1. Report, ordered by chain and residue number, the lysines lying within cross-link reach of Lys114, taken as a straight Cα distance under 20 Å and ignoring same-chain residues fewer than 8 apart.
2. Taking the alpha-carbon distance from Lys16 and a cut-off under 18 Å, which aspartates and glutamates remain once sequence neighbours fewer than 8 residues away in the same chain are dropped?
3. Could you derive backbone 3J(HN,Hα) for region 82-90 from the dihedral phi with the Karplus parameters 6.51, -1.76 and 1.60 (θ = phi - 60°), listing whole Hz in sequence and x where the residue is Gly or Pro?
4. Amide H neighbours of Leu107 under 5 Å, counting only residues 5+ apart in sequence or on other chains, H built in-plane at 1.01 Å?
5. Counting only residues 5 or more places away or on other chains, whose amide H sits under 5 Å from the amide H of Ser25 once H atoms are built in the peptide plane?
6. Can you work out the Karplus-derived ³J(HN,Hα) for every residue in region 54-64? Use 6.51 cos²θ - 1.76 cosθ + 1.60 with θ = phi - 60°, whole Hz, and x for glycine or proline.
7. Indicate the gyration tensor shape class of region 8-183 (rounded, prolate or oblate), computed on the Cα atoms with a ≥ b ≥ c the square roots of the eigenvalues: a/c under 1.5 is rounded; otherwise a/b larger than b/c is prolate and the rest oblate.
8. Counting Lys and Arg as +1 and Asp and Glu as -1, each charge on the Cβ, what is the dipole of the chain about the Cα centre in debye, to the nearest 20?
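What follows draws every value from the coordinates through simple rules; no lab data is involved. If you're wondering where the values come from, they're calculated on a predicted model, not measured in any experiment. When we count neighbours, we look across all protein chains shown, and the Cβ atoms used for this are built from the backbone with ideal geometry, even at glycine.
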Amino acid sequence: MGPPGGGKGTQAGLLKQQWQVPHISTGELLRAAVRDGTPLGLKAKATMDAGELVSDDLMLGLIEERLSQPDAQTGFILDGYPRNLSQAESLDQVLARIQQPVSGALLVEVDSEKIVDRLAKRAQQEGRSDDNEATVRKRLAIYAEQTAPVANYYAEKGQLVQVLGEGEIAEVTQRILAAVNEAGWG
Ligand code: B4P
């Protein structure tokens, strides 16, 4: 977990090599569905462009389908899911059913103004349609309101690890590896 542009995708992409498990990003799955023009992509595009959350029902279907694939049978890094309490509860049910309990939840924290700068840079480099300033501020507000409580959900279960996501990318990776080793994630 982390705010938009907090480095979740960046760090998960690096950690998957270290841990030899797939990196499952719901944002990437949705962007692929939009690119491919699937019924899910057509439904999700306007919501994503507005910086809002796609419906829990669509997301649950997407995540269940992805977790049923062969490469996810021995573990995975989830990036961008769960993003609200209802998704966190659904995820617990899915993981209990497939007997793959959560090892832990990682929260990468970054100051909001730094995020606006980072995503302005990414908008120039990649042209993502939800990286303009107004939409980024909307995504930050939704994050504070709906996703930040998910961190408490895992903290109450003793499963949360928090790391500062500011500084060089490699430095953040080292901080994450040290924190998860200390937490004893298998
Ligand atoms: P995501 O794709 O998850 O978008 P994001 O929050 O911006 O994360 P992303 O992974 O792209 O960015 P990162 O933090 O790596 O979601 C997009 C949209 O999809 C959502 O708004 C929503 O509409 C929908 N959606 C996704 N999941 C959903 C769900 N579960 N429920 C409902 N809707 C859902 O940041 C990367 C940027 O920062 C990069 O440019 C990188 O170079 C830079 N960066 C990273 N680390 C840095 C560092 N240490 N220093 C400087 N720059 C750094």
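1. Filter leaves Lys8, Lys138.
2. Answer for Lys16, where 18 Å is the Cα cut-off: Glu28, Asp71, Asp79, Glu171, listed by chain and number.
3. x, 10, 8, 5, 5, 5, 5, 5, 4
4. Here the answer is Val161, Gln162, Val163, since their amide H atoms fall under 5 Å of that of Leu107.
5. Here Asp79 satisfy the definition.
6. Rounded to whole hertz, the list is 5, 4, 4, 4, 4, 5, 5, x, 5, 6, 5.
7. Because its axes are fairly even, with a/c under 1.5, region 8-183 counts as rounded.
8. That gives the chain a dipole magnitude of about 280 debye.
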